[in-house]
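Beneath this line is the structure, given in structure tokens, with notes to follow.
The values are calculated or read from the model by the stated rules, or taken from the named source; none is laboratory data. None of the values given here were measured: they were computed from a predicted structure. Every residue, glycine as well, gets a Cβ built from its backbone with ideal geometry; the counts of neighbours run over all protein chains shown. We work out accessible area using only protein heavy atoms, side chains counted, and drop any ligands, DNA or RNA first. Shrake-Rupley method; radii C 1.70, N 1.55, O 1.52, S 1.80 Å.
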Amino acid sequence: QVQLVESGGGLVQAGGSLRLSCAASGRTFSAYAVGWFRQAPGKEREFVADIGWNRGRIYYANSVKGRFTISRDNAKNTVSLQMNSLKPEDTGVYFCAARGSYSDYGRPQEYDYWGQGTQVAVSS
């Protein structure tokens, strides 16, 4: 079992930055790949970024590539998402989720464990 708790959301002006953190509990956390998703009001949950268990493979949605950076520290059981040059369309609830290393990234159904989410609001 893996439990995930997100933090770091808030309100920021367009062009600003936020750093989200995902804290995990469970001894096998380092064996899981971890992804970030977001969901805006009235929209489906969408993939943002994913990082492999050993940081060897990293994936980003095209909409955030070059602005967001995902990283992980297995010794501290944390995964972070550094978000720069934020835009109003980045607004939403951000979730971190864990999947087995051999599952496919990007599709919500591939992730076994989810956090409760943290709200990000970007004003224009």
Mind counting the residues in region 99-124 that are closer than 19 Å to Arg72 by Cβ, surrounded by fewer than 18 Cβ atoms within 10 Å (Cβ to Cβ) and either without any contact (Cβ under 8 Å) to a residue 12 or more places away in the chain or over 12 Å from the mean Cα position of the chain (by Cα) (or both)? 8
Within region 64-83, residues farther than 16 Å from Leu4 by Cβ, open to solvent by less than 60 Å² (accessible area, probe 1.4 Å) and not in a strand (DSSP E or B) come out as Val64, Arg67
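Here is a yes/no grid of residues against (1) touching a Cys at 6+ places or on another chain (Cβ under 6 Å); (2) without any contact (Cβ under 8 Å) to a residue 40 or more places away in the chain; (3) more than 17 Å from Asp112 (Cα to Cα):
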| residue | (1), (2), (3) |
| --- | --- |
| Gly9 | no, no, yes |
| Ala23 | no, no, no |
| Ala40 | no, no, yes |
| Ile70 | no, yes, yes |
| Ser85 | no, no, yes |
| Asp90 | no, no, yes |
| Ala97 | no, no, no |
Quick check: is even one residue across region 83-90 out of contact with any Asp or Glu (no Cβ under 6 Å at 6 or more places or on another chain), at pLDDT below 95 and farther than 14 Å from Ser30 by Cα? no
For Arg99: the one exception among (1) part of a strand (DSSP E or B); (2) within 15 Å of Ser7 (Cα to Cα): (2)
Name, by its number, the condition in (1) within 14 Å of the chain's Cα centre (by Cα); (2) loosely packed, with under 15 Cβ neighbours inside 10 Å that does not hold for Val34. (2)
In region 6-49, which strands (runs of 3 or more DSSP E) lie fully inside it and hold 1 or more residues that are basic (Lys, Arg)? 18-25, 32-39
